[in-house]
Every structure is written in C-alpha cells, then in structure tokens.
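Worksheet for the structure shown next.
The values are calculated or read from the model by the stated rules, or taken from the named source; none is laboratory data. As the structure is a prediction and not an experimental result, all values here were calculated from the model. Because the Cβ atoms are built from the backbone with ideal geometry, glycine has one as well, and the counts that use them run over all protein chains shown.
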C-alpha cells in the first residue's frame, strides 16, 4: 500500500517542469474528446440508448467512427506513456520516444489483449473486470520501459501489482472524482465553444499531473516489488 499524496505532489512538480513536453499531447487528447462528444451528440446517441434493443439501432458508421476514436486514443497513450517514462528516466522525451517507436506494434497488440480481457471481465459481474484492470495496470509501462514481450509484460504486471492493487484502485477513484469535478464547465455552459476552451485549458494542467502521478506509482511499485524476496 502507498500514500497518494506524494504521487500527486510528484505529478504537480513534473507538470510544472515539463509542461511544454505534455502540452501537445494534452491538446490532442482534448481535441479528440471534444470531437467525440460533438459527433455523439449529433448522432442522438442518448435517445438511441434509451430505446429497446438499442445496440441494434446504432448506425454502423457510428460504430466504425467510435472504434477509430478509441484506436486514436490508444495510439496517443503510447506517446503519453513514453513521455512519462522519459521524465522518470531523466531522458529527453523526443529522444526516448524515438528509441521506443519500434515497440509500437507490440504495444497495440498488448492493448488489444488488455482491453479485451478487461471487457470480458466487466461482462462477468463487473468485479472481475476491475481486478483484471488493476492487475494489468502497468503492462504498457513494462513493455515500453523494460522492452518486454506482450505476454511477459502482462504477466509481469500481474505479479508486480500484487499487494498494491488497493492503492492503485483508490488512485483511479481519486483521478475520476477530480476529473469529474473539473468538468464543471459542461454543467454551467453545455455545448458551447467557451466550455471546450476552458476544458482544454484545465486538461493542460490536470492531465500531466495525473499521468506523472501514475508514473510515480509505477516506479514506487516496481522498486518495492524488486526488494521483496
């Protein structure tokens, strides 16, 4: 178990020091999120989901588009993870990511397997999915940082997180609550240009804090696991 305060403090410090490193990634993710929200609203997805047999009524082009958005987010996450690890290893982000680009195909394969396992677990009364998510939490970190194979990274993450999954769970809960509270512009001024501008500015600060806090936890867990017999 670990304390979350040092993780968020570390995230805050690194956000200030490496703001320009994460600026492009935060704006790209914000643009993807805004684009996604606008597209879903234009498709009247909320009305569709309230109907009987809603999944059969979702247009096929919308499903393809949603799949593309998810793939885009996964791809951006590769560069986010690389940037976080570059900060941990005190290596310039561009240099570090360029060195790790050859791992991108393996990363995509890992993320497909990871999300598939989580999705199946969530269908099995939710709790198994949460356990799988916590167990595989650092798989992509290990693949990029340690240059492990897909299976080795999944297996190593599962073993590494033993004894730390409760702490990781509370970290994710805190990130979710803070993110929810910071989304207040959507309640005050829904679907306006001002809303999206404010949210993008909030993300520029908050997302690097959360990303680097997760990096801190990865380092803490991996170092403490290495000390154990």
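Here are some notes:
- Against the list (1) buried (at least 17 other Cβ atoms within 10 Å of the Cβ); (2) free of Cβ contacts under 8 Å to residues at least 40 places away in the same chain; (3) over 18 Å from the mean Cα position of the chain (by Cα), the condition residue 206 fails is (3).
- When residues of segment 187-203 are limited to those that are surrounded by fewer than 16 Cβ atoms within 10 Å (Cβ to Cβ) and in a helix (DSSP H, G or I), the one modelled with the highest pLDDT: 201
- Some residue of segment 128-140 being surrounded by 15 or more Cβ atoms within 10 Å (Cβ to Cβ), under 25 Å from residue 68 (Cα atoms), in contact with a helix residue (DSSP H, G or I) (Cβ under 9 Å, 6 or more places away or on another chain) and in contact (Cβ under 8 Å) with a residue 40 or more places away in the chain: yes
- In segment 209-229, the residues that are in a helix (DSSP H, G or I) and exposed (fewer than 13 other Cβ atoms within 10 Å of the Cβ): 223, 226, 227
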